[in-house]
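Undergrad: Following this message is one structure expressed as structure tokens.
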Amino acid sequence: MSLLQHKKALALCGGIILIGGIFAVTGHSQATKKAVAQRLRLSETAPITSLDVAKITDSVSSNTLSQVGEGLYRLNADSQAQNALATKTTVTDSGHHYTIDLRHDAKWSNGAPVTAQDFVYSWKRTLNPKSKSEFTYQFANIKNASAIAAGKKAVNTLGVKATGKYQLQITLSRPASYFKQMLASTTYYPLNQRAVEKYGKQYGSSAATTVYNGPFVLKNWNGTNDSWTLKKNPTYVDAKTVKLNSIKYQVIKTSSTAYNLYQSKRLDAVTLDGEQTTQNKHNPDLKSLAAGRIGFIQYNQQNKIAANKDLRLAISLAINRQQLADKVLKNGSRPAQTFAIHHMMTNAKTGKDFTTDAYVKNTANYNPTLAKQYYRRALKQLGKSALSVTITCGDDDTTQNVAEFIQSTVGSQLGLKIHVSAMPFPSMLSNVSKGNFELNLTGWSMDNADPIQSLQILASTNNSNMGHYDSKTYDQAITKAEGSDALNRSARYQDLLTAAKTALTDQAVTPLYEARTNTLVNPQIKGIVYNKFNGSPDYQHAYVTD
């Protein structure tokens, strides 16, 4: 997300956001009538960038992989891990050892069986420094994973091995209560070694250079085009449960275009912008979904201007987040008061939400008077009489509207001139990952409900820490939360609070809003299951009625 919008690095909005609230839509036997075309027509606001598990950093690619791939587990509507390829999980040694038995009947689209070794190969490949994966931190709980990613230990020392063709054994150095949920992430998906070696560096760069083991296979994607199709996978282990024959996607960056296509029945679902949400607030086809995503500004702290803490605080305090949510987003999104979202964790003693406890006054609230004071201090420290900065962002409508709101409100309150540089998401991701930015408007999608999902990306060693925030206090708190205090709920909660408060005080990033997604869905579509935490739809059991 890193940028992240990923798992990951994530676009601020998507056509259908595929990662977290639940709507489970059920139907009747008429859905199986042969006369009904079992196909969907959907949209995204950005193209697929890769289907290689070691390279994916954005939500569109990760969401696509979740439909064409299969891991050990799938998250159900309540964000709980349910068996997918796993059949039995045995946890021993106080959470340090996992033994996972796999199904014997799963196959890749090239005919090869899916085995335990496919997971071992995939994880070691991702952690190999040669892969340059941004998501190696997700493996940090596994023995030696971090040292391998840093090039300090050999890949073969990873705490995972195939103890049989269909049995996987994992040794953790850092037990975590949410480890099974982590294993449901696409980052942990298996790879067919024969296919990867056949296609080499081109693996996952097109539909033809990828193999699949999920409900669907990808067609008509050459690696750069703005449309693609998912087709039912005849070799999928549970193919009999998949009713859709195809899902056709097209990239549509303009919300009005997508909305018009939905109204003319050329799309089966559409994500609404604020005005459209208001117009459809009484429409029975409207679904309001938690997005499991936080929108924020990240700063390139290797840039002299962006590295100024007082400037960052000035920008944060000049932004009226409630107005942003109510007047710009207008989709149920709520102001963010820390770098986390609601319903991730509660205080065991008081029952308070983590975001309430983590709040630090005058860091992520609207205080224009104090903002001006910080701005004057920043000007003095930088030896400037005026400042001008550039904020990069995606080129979809919603993201640009948010950027222009920041440009306007911060400019009027402080006199700070902000240039908006909107670009296609892949280009933005590339520029930010190379450090070619001052400020970046972005978002981060969480895979499961735990504050570590967002906080971890601000650790100094995290590959998704694109702004290069570096704090010993912060790092120590995260290390304790994921290490010595991992299974001590009370102590871990305090560690995470320390990290969250430190990040706010330092203004490591500027949290803006907790996202929601409002979607219209063709009422003939049944069986879609939406995860209640982040609204991501699973089409495995979806079908079309007449």
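The values are calculated or read from the model by the stated rules, or taken from the named source; none is laboratory data. Computed from a predicted structure; not experimentally measured. In this analysis, Cβ positions are derived from the backbone assuming ideal geometry, glycine residues included, and neighbour counts consider all displayed protein chains. Surface areas here come from the heavy atoms of the whole protein model, side chains and all, with no ligands, DNA or RNA. Shrake-Rupley method; radii C 1.70, N 1.55, O 1.52, S 1.80 Å.
Undergrad: Checking Ser227 against (1) open to solvent by less than 40 Å² (accessible area, probe 1.4 Å); (2) among the hydroxyl-bearing types (Ser, Thr, Tyr); (3) touching a strand residue (DSSP E or B) at 6+ places or on another chain (Cβ under 8 Å), only one condition comes out false. Which one?
TA: (1) is the only condition that Ser227 fails.
Undergrad: Does Asp52 satisfy the condition of being modelled with pLDDT of 95 or more, open to solvent by less than 10 Å² (accessible area, probe 1.4 Å) and charged (D, E, K, R)? Give the derivation first.
TA: On the way: modelled with pLDDT of 95 or more: yes; open to solvent by less than 10 Å² (accessible area, probe 1.4 Å): yes; charged (D, E, K, R): yes.
The answer is yes for Asp52.
Here's the yes/no breakdown for (1) outside any strand (DSSP E or B); (2) not acidic (Asp, Glu):
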position: Ala500; (1), (2): yes, yes
position: Ala503; (1), (2): yes, yes
position: Thr510; (1), (2): no, yes
position: Glu514; (1), (2): no, no
position: Thr517; (1), (2): no, yes
position: Leu520; (1), (2): no, yes
position: Pro523; (1), (2): yes, yes
position: Phe533; (1), (2): yes, yes
position: His541; (1), (2): yes, yes
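Undergrad: Determine which member of the set Val420, Val402, Val360 is within 19 Å of Ile315 (Cβ to Cβ) and open to solvent by less than 10 Å² (accessible area, probe 1.4 Å).
TA: Val402
A quick yes/no check of all residues on (1) open to solvent by less than 10 Å² (accessible area, probe 1.4 Å); (2) in contact with a helix residue (DSSP H, G or I) (Cβ under 9 Å, 6 or more places away or on another chain); (3) of a type in the set (D, E, K, R):
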| position | (1), (2), (3) |
| --- | --- |
| Ser433 | no, no, no |
| Asn436 | no, yes, no |
| Ala449 | no, yes, no |
| Gln453 | no, no, no |
| Thr461 | no, yes, no |
| Met466 | no, yes, no |
| Asp475 | no, yes, yes |
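Undergrad: Among the residues of the stretch 89-110, is there at least one that is farther than 20 Å from Ala184 by Cβ and open to solvent by less than 10 Å² (accessible area, probe 1.4 Å)?
TA: Within the stretch 89-110, none of the residues are farther than 20 Å from Ala184 by Cβ and open to solvent by less than 10 Å² (accessible area, probe 1.4 Å).
Undergrad: Kindly provide the set of residues from the stretch 230-256 that are open to solvent by 30 Å² or more (accessible area, probe 1.4 Å), over 25 Å from Gly111 (Cα atoms) and part of a loop (DSSP other than H, G, I, E, B), ordered by number.
TA: Selection gives Lys253, Thr254.
Undergrad: Please give the number of the condition Phe425 fails out of (1) touching a Pro at 6+ places or on another chain (Cβ under 9 Å); (2) of a type in the set (A, V, I, L, M, F, W, C); (3) at pLDDT 90 or above.
TA: Condition (3) is where Phe425 drops out.
Undergrad: While we're here: When the residues of the stretch 363-387 are filtered to those that are in contact with a strand residue (DSSP E or B) (Cβ under 8 Å, 6 or more places away or on another chain) and surrounded by 17 or more Cβ atoms within 10 Å (Cβ to Cβ), which remaining residue is nearest to Lys417 (Cα to Cα)? Show your work before the answer.
TA: At the first step, the residues of the stretch 363-387 found to be in contact with a strand residue (DSSP E or B) (Cβ under 8 Å, 6 or more places away or on another chain) are 364, 386-387.
Then keep just the ones that are surrounded by 17 or more Cβ atoms within 10 Å (Cβ to Cβ); that gives 364, 387.
Numbers: Ala364: 21, Leu387: 6 Å.
Once the filter is applied, the top-ranked residue is Leu387.
Undergrad: Would you check which residues across the stretch 498-519 are more than 21 Å from Met466 (Cβ to Cβ) and over 22 Å from the mean Cα position of the chain (by Cα) and list them?
TA: Thr498, Lys501
Undergrad: A further question on this structure: Report, by residue number, each residue of the stretch 257-307 that is among the acidic types (Asp, Glu) and either modelled with pLDDT under 95 or surrounded by fewer than 20 Cβ atoms within 10 Å (Cβ to Cβ) (or both).
TA: Kept after step one, since they are among the acidic types (Asp, Glu), are these residues of the stretch 257-307: 268, 273, 275, 285.
Asp273, Glu275, Asp285 - these are the residues of the stretch 257-307 that are among the acidic types (Asp, Glu) and either modelled with pLDDT under 95 or surrounded by fewer than 20 Cβ atoms within 10 Å (Cβ to Cβ) (or both).
Undergrad: Next question. Could you give every pair whose Cβ atoms fall below 8 Å, whose first residue belongs to the stretch 28-57 and is farther than 24 Å from Asp226 by Cβ and part of a helix (DSSP H, G or I), and whose second residue is at pLDDT 90 or above and not aromatic (Phe, Trp, Tyr), counting only separations of at least 6 or pairs across chains?
TA: Within 8 Å, the pairs are Gln30/Thr545; Ala31/Lys243; Ala31/Lys526; Ala31/Gly527; Ala31/Val544; Ala31/Thr545; Thr32/Lys243.
Undergrad: Oh, and also: For the stretch 203-217, which positions are outside any strand (DSSP E or B) and within 24 Å of the chain's Cα centre (by Cα)? Talk me through it step by step, then tell me what you get.
TA: Just the residues of the stretch 203-217 that are outside any strand (DSSP E or B), to begin with: 203-215.
Result: Tyr203, Gly204, Ser205, Ser206, Ala207, Thr210, Val211, Tyr212, Asn213, Gly214, Pro215.
Undergrad: Could I ask something else about it? Residues that are out of contact with any Ser or Thr (no Cβ under 8 Å at 6 or more places or on another chain), modelled with pLDDT of 95 or more, part of a strand (DSSP E or B) and open to solvent by 10 Å² or more (accessible area, probe 1.4 Å): does the stretch 126-133 have at least one?
TA: Among the residues of the stretch 126-133, not one is out of contact with any Ser or Thr (no Cβ under 8 Å at 6 or more places or on another chain), modelled with pLDDT of 95 or more, part of a strand (DSSP E or B) and open to solvent by 10 Å² or more (accessible area, probe 1.4 Å), which makes the answer no.
Undergrad: When the residues of the stretch 347-357 are filtered to those that are under 22 Å from the mean Cα position of the chain (by Cα) and either modelled with pLDDT under 95 or not polar (S, T, N, Q) (or both), which remaining residue is most open to solvent (accessible area, probe 1.4 Å)?
TA: Just the residues of the stretch 347-357 that are under 22 Å from the mean Cα position of the chain (by Cα), to begin with: 353-355.
Still in the running and either modelled with pLDDT under 95 or not polar (S, T, N, Q) (or both): 353-354.
Details: Asp353: 22, Phe354: 1 Å².
Top of the filtered list is Asp353.
Undergrad: Within the stretch 218-271, which residues are within 16 Å of Arg39 (Cα to Cα) and under 23 Å from the mean Cα position of the chain (by Cα)?
TA: The answer is Leu218, Ser227, Trp228, Thr229, Leu230, Ile247, Lys248, Tyr249, Gln250, Ala269, Val270.
One line per residue, one yes/no per condition, for (1) in contact with a Phe, Trp or Tyr (Cβ under 8 Å, 6 or more places away or on another chain); (2) of a type in the set (Gly, Ala, Ser); (3) closer than 30 Å to Leu218 by Cα:
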| residue | (1), (2), (3) |
| --- | --- |
| Lys240 | no, no, yes |
| Leu272 | yes, no, yes |
| Lys281 | no, no, no |
| Lys304 | no, no, no |
| Leu311 | yes, no, no |
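Undergrad: For the stretch 429-441: of the residues being modelled with pLDDT under 95 and not in a loop (DSSP other than H, G, I, E, B), which is nearest to Ser79 (Cα to Cα)?
TA: The selected residue is Leu429.
Undergrad: Can you pull out the residues in the stretch 477-500 that are open to solvent by 40 Å² or more (accessible area, probe 1.4 Å) and either in contact with a Leu (Cβ under 7 Å, 6 or more places away or on another chain) or among the aliphatic types (A, V, I, L, M) (or both)?
TA: Within the stretch 477-500, the subset open to solvent by 40 Å² or more (accessible area, probe 1.4 Å) is 479-480, 484, 487-490, 494, 498.
Matches in the stretch 477-500: Leu487 only.
Undergrad: Which residues, counting only those in the stretch 442-481, are more than 24 Å from Ala184 (Cβ to Cβ), part of a helix (DSSP H, G or I) and of a type in the set (A, V, I, L, M, F, W, C)?
TA: Within the stretch 442-481, Ala477 is the sole residue that qualifies.
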